[in-house]
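> For reference, the structure I am asking about is given below.
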């Protein structure tokens, strides 16, 4: 081969290599841009998810007449019966308290919240903003149980507020109130209802309802974006988050300037592809998956639920809270700390007819207000109370006739069949076939319970003799 031919071949090879490298670089660049877009959509969705969920819950309560949460603006809706196995409104429904809920709009007028004298009976009102942060509490722990009046004032209100016992400045115009009132048992229903009826909401000035324009729709990600933006317009985030909204604008989350129909088709398509996966894998499945899976936070078979005072900049945690249990929101750890157990001391799943013993060395869970250990079975669709012949679904400080050991400790017997006369008083019936889990609740827990190292004793299997 001549020298000129060899030179030509080398030049052609070099050109081909250059084209390949250029194509590879272009492909890498495109892949990097797609990854960046996907990452930004994920970040924006997790940030916006609580706003959209807040508006969805608000719509169901105020606009859907046959909704189980149906109510009217600026009024309490009270639950009136203790939860049983037939209650499927949330996973692991609580039997210790009655829930009451209210939706407020503070744009045109402050709301005066009247709290009755409860004569020592535990209650707490959690005040929750449109970003799903709980911004204030009222109740036994922070204000006692005497009658008083609290004024809730919106972020843009500049008028006068009458003399009241406490003024709370809400960070958002739209507010959700979650009230819990302690119930001691079936014979306490009338008295507990009377306490509920003592809570009242009244506007300082006459107001006209100004409802959101858009109706949330499940699995409609264009509507998700637009509802979240409407919520951000009604409830502007703090100034410290404006830089975030500027970043999210390119994927449609920024408040008034952003709309789904302004997004390029390519961005809309990525939303439709990614959003269902994010909701399923990072939000709902992560929180509502049954508690049989391995949990790195588990100790003694118990997983603690100590919620912080606020989510701060942990927007993923805030979104997970929004996705949990149909939107029923938790209390800060100092108000209530929970522990869930789905395995025994040998890390074996609880249930399948096995008998167990739960030992409480102090004869109780360490708490000032009240405590309980409730039992829920895993069934299709969720985790609910277990139907049983003695209609007992929890054991706690209000359970009558408990038998304590000589040293003051308490043993709770967990099994599907009657354990006999010596143990019957402390029997918490379990399902005959299904798996189950326990939820230990301590309201106004003692300082030791707030220590990250503290958990209840492990559940001990009882082997047949």
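> Looking at (1) more than 30 Å from residue 316 (Cβ to Cβ); (2) in contact with a helix residue (DSSP H, G or I) (Cβ under 6 Å, 6 or more places away or on another chain), which is the only condition residue 144 fails?
(2)
> Moving on to the next point. Which of the residues that make up the range 440-465 are part of a strand (DSSP E or B) and over 23 Å from residue 368 (Cβ atoms)? Quick ask: steps written out before the conclusion?
Of the residues in the range 440-465, the ones part of a strand (DSSP E or B) are 440-445, 460-462.
Passing the criteria: 460, 461, 462.
> Residue 378 versus (1) assigned to a strand (DSSP E or B); (2) surrounded by fewer than 18 Cβ atoms within 10 Å (Cβ to Cβ); (3) within 27 Å of the chain's Cα centre (by Cα): which is the lone unmet condition?
All conditions are met except number (2).
> Against the condition part of a loop (DSSP other than H, G, I, E, B) and assigned by TED's automatic domain parsing to the domain that holds residue 100, how does residue 195 come out, does it pass? So that I can check it myself, show each step before the final result.
Working: part of a loop (DSSP other than H, G, I, E, B): no; assigned by TED's automatic domain parsing to the domain that holds residue 100: yes.
Taking the combined requirement at face value, the residue does not satisfy it.
> Across the range 349-362, what is the number of residues that are surrounded by 14 or more Cβ atoms within 10 Å (Cβ to Cβ) and not in a strand (DSSP E or B)?
Quick first cut of the range 349-362, residues surrounded by 14 or more Cβ atoms within 10 Å (Cβ to Cβ) only: 349-352, 354-360.
Then drop every residue that is not not in a strand (DSSP E or B), which leaves 350, 352, 354.
Result for the range 349-362: 3.
> Can you spot a residue in the range 180-189 that is in the same structural domain as residue 125 (by TED's automatic domain parsing), part of a helix (DSSP H, G or I) and touching a residue at least 12 places away in the same chain (Cβ under 8 Å)? Outline the logic, then answer.
Residues of the range 180-189 in the same structural domain as residue 125 (by TED's automatic domain parsing): 180-189.
This time we only want the ones that are part of a helix (DSSP H, G or I), so: 186-189.
Next cut, touching a residue at least 12 places away in the same chain (Cβ under 8 Å) only: 186, 189.
Scanning the range 180-189 turns up at least one residue that is in the same structural domain as residue 125 (by TED's automatic domain parsing), part of a helix (DSSP H, G or I) and touching a residue at least 12 places away in the same chain (Cβ under 8 Å).
> So residue 104 ticks every box in (1) assigned to a strand (DSSP E or B); (2) out of contact with any helix residue (DSSP H, G or I) (no Cβ under 7 Å at 6 or more places or on another chain); (3) farther than 19 Å from residue 50 by Cβ but one. Which box is left unticked?
(3)
> Next question, about the same structure. Does the range 126-166 hold any residues that are under 15 Å from residue 202 (Cβ atoms) and either under 21 Å from the mean Cα position of the chain (by Cα) or assigned to a strand (DSSP E or B) (or both), and which are they?
Across the range 126-166, the qualifying residues are 148, 149, 150, 151, 152, 153.
For every residue, the table says whether it meets (1) on the phi < 0 side of the Ramachandran plot; (2) over 20 Å from the mean Cα position of the chain (by Cα); (3) modelled with pLDDT of 95 or more.
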residue	(1), (2), (3)
24	yes, yes, no
38	yes, yes, yes
47	yes, no, yes
59	yes, no, yes
67	yes, no, no
74	no, yes, yes
81	yes, yes, no
88	yes, no, no
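> Could you list all residues from the range 366-390 that are free of Cβ contacts under 8 Å to residues at least 40 places away in the same chain and touching a helix residue (DSSP H, G or I) at 6+ places or on another chain (Cβ under 9 Å)? Break it down stepwise before answering.
The first filter runs over the range 366-390 and keeps only residues free of Cβ contacts under 8 Å to residues at least 40 places away in the same chain, leaving 380, 390.
The answer is 390, and nothing else.
> Going through 275, 249 one at a time, which residue ends up being surrounded by 18 or more Cβ atoms within 10 Å (Cβ to Cβ) and either at pLDDT 95 or above or part of a helix (DSSP H, G or I) (or both)? Spell out the reasoning first.
Numbers: 249 fails: surrounded by 18 or more Cβ atoms within 10 Å (Cβ to Cβ).
275 is the lone residue from the list that is surrounded by 18 or more Cβ atoms within 10 Å (Cβ to Cβ) and either at pLDDT 95 or above or part of a helix (DSSP H, G or I) (or both).
> Just to be sure I understand the filter: pairs with C-beta atoms under 8 Å, separated by 6 or more residues or on different chains, first member in the range 341-365 and farther than 17 Å from residue 427 by Cβ and not assigned by TED's automatic domain parsing to the domain that holds residue 375, second member modelled with pLDDT under 95 and assigned to a loop (DSSP other than H, G, I, E, B). Which pairs pass?
Listed pairs, sorted by first residue: none to list.
The values are calculated or read from the model by the stated rules, or taken from the named source; none is laboratory data. From a predicted model like this one, the values you see are computed outputs, not experimental measurements. All Cβ positions, even for glycine, are placed from backbone atoms using ideal geometry, and neighbour counts span all protein chains on display.
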